[in-house]
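The values are calculated or read from the model by the stated rules, or taken from the named source; none is laboratory data. The model shown is predicted, which means the values in this text are computed figures rather than measured ones. As a convention, Cβ positions derive from the backbone with ideal geometry for all residues, glycine included, and neighbour counts pool all protein chains shown.
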Amino acid sequence: MRTVSSRPASHWTPEQIPDLSGRTAFITGGNSGIGLETARVLVRHGATVILAGRDQRKLDEAADALRVEWPGAAVETTVLDLGSLASVSAAAAGLAGTRPVDLLVNNAGVMNIPERRTTTDGFELTFGTNHLGHFALTAGLLPALLRAPAARIVTVSAVAATWRVGRLDDLMSERRYGPMRAYAKSKRANVVFTAELARRLAGTSITPVVVHPGSAMTNLQQHNQGPLTRAVIGITRHIAMGSPQGAAWPSLFAATSPDVVSGGFYGPAGRDQTSGTPKRLNLPAGAGDPAEGARLWSESERLTGVHLQP
């Protein structure tokens, strides 16, 4: 799983993933959508997969389904609410001191929350879940990641990271709130965080990578939608949106390919980047700026009280 080159990912498919026996992967939002599809492929290639999510019943159902599909699959579960720093700390503490973690997939997220809401700790819900929760989780699992011979941290962003409305100011959306503005802000933070993490982890055994999955119909798109939006999605899902299976390809490529570059941004190569084999993309404008990375890092530490040190 160590980075060795930056060759293009021509015609890559999950069938090229090597044997992952002895490797442990931790996936947030692993009980549904892209997270579950990522878990399914990793399990099939021999990895031990820890599914993390808010609902133990749903986690158990997902784990049972994977074991039925792949008898003998090594699947574990842990309850994790990214909107609660106490939950994040507990989930990380339960693992950090026990064994190496070879792969952390920061996959879970929320979007399109109609009105401004807050997490348990008072953060704007979208930014607090999509960025700050994963920032704190990465910090908590860092000791376990450093114990692995060549770990990777894959953070799932979105095309929204390129939108101009996602500027990293007013992080808590206190001056102005818009559902997709907050989402774009959180997804840009995922990219800026990964670029800064790569700089800070240079010289260690960890490779941070950020991906976007293209467009796929998952529980994320269905969150808090009105009847008209649901009807439109029902029509367009078969026209413009890829499947969760295909949308997991960038995460799987970033997690396993020897062609991945630390700090790189990967997404589907198909038309409009909605689907297709993964390829390396340009970072959104300014997202690789060390000054922006340092500002986001400092503010994330201040807000969470968590210090992420290699």
Report summary line: Of the conditions (1) modelled with pLDDT under 95; (2) surrounded by 15 or more Cβ atoms within 10 Å (Cβ to Cβ), the single one that Gly72 does not satisfy is (2)
Query raised in the report: Of (1) surrounded by 17 or more Cβ atoms within 10 Å (Cβ to Cβ); (2) without any contact (Cβ under 8 Å) to a residue 24 or more places away in the chain, Asp102 satisfies all except one. Which?
Result: (2)
Report task. Return the only residue of Val210, Val192 being modelled with pLDDT of 95 or more, buried (at least 22 other Cβ atoms within 10 Å of the Cβ), β-branched (Val, Ile, Thr) and not in a helix (DSSP H, G or I). Result -> Val210
Query - Pair list, Cβ < 7 Å and 6+ apart or interchain, from region 297-310 residues that are within 14 Å of Arg200 (Cβ to Cβ) to residues that are modelled with pLDDT under 95 and assigned to a helix (DSSP H, G or I) - result: none
Report task. Taking the options Gly83, Gly46, name whichever one is closer than 26 Å to His212 by Cβ and either surrounded by 14 or more Cβ atoms within 10 Å (Cβ to Cβ) or of a type outside the set (Gly, Ala, Ser) (or both). Result -> Gly83
Report summary line: Quick count over region 135-168, residues being out of contact with any His (no Cβ under 9 Å at 6 or more places or on another chain) and not in a helix (DSSP H, G or I), is 10
Report task. Name, by its number, the condition in (1) outside any helix (DSSP H, G or I); (2) modelled with pLDDT under 95; (3) among the small types (Gly, Ala, Ser) that does not hold for Gly234. Result -> (1)
**Report entry** Selected residue [outside any helix (DSSP H, G or I) and within 17 Å of Glu299 (Cβ to Cβ)] from Leu171, Leu132
**Finding:** Leu171
Query raised in the report: Within region 36-51, is there a residue that is hydroxyl-bearing (Ser, Thr, Tyr), within 19 Å of the chain's Cα centre (by Cα) and within 18 Å of Thr138 (Cβ to Cβ)?
Result: yes
**Report entry** Scope region 86-99; condition of a type in the set (Gly, Ala, Ser) and surrounded by 15 or more Cβ atoms within 10 Å (Cβ to Cβ); matching residues
**Finding:** Ser87, Ser89, Ala90, Ala91, Ala92, Ala96
Query raised in the report: Tell me, which residue of region 265-276 that is over 18 Å from the mean Cα position of the chain (by Cα) and of a type outside the set (Asp, Glu) is surrounded by the most Cβ atoms within 10 Å (Cβ to Cβ)?
Result: Ala269
Query raised in the report: Taking region 38-82 as the region of interest, how many residues are in contact with a Gly (Cβ under 6 Å, 6 or more places away or on another chain) and more than 19 Å from Val154 (Cβ to Cβ)?
Result: 1
**Report entry** Residues of region 243-264 satisfying the condition of being within 20 Å of Pro284 (Cβ to Cβ), under 15 Å from the mean Cα position of the chain (by Cα) and not in a helix (DSSP H, G or I)
**Finding:** Gly263, Gly264
Requested in this report: Return the pairs, sorted by first residue and then second, in which the second residue is modelled with pLDDT under 95 and buried (at least 17 other Cβ atoms within 10 Å of the Cβ), the first residue lies in region 54-68 and is closer than 11 Å to Ser32 by Cα, the beta carbons are less than 8 Å apart, and the residues are 6+ apart or on different chains.
Outcome: none
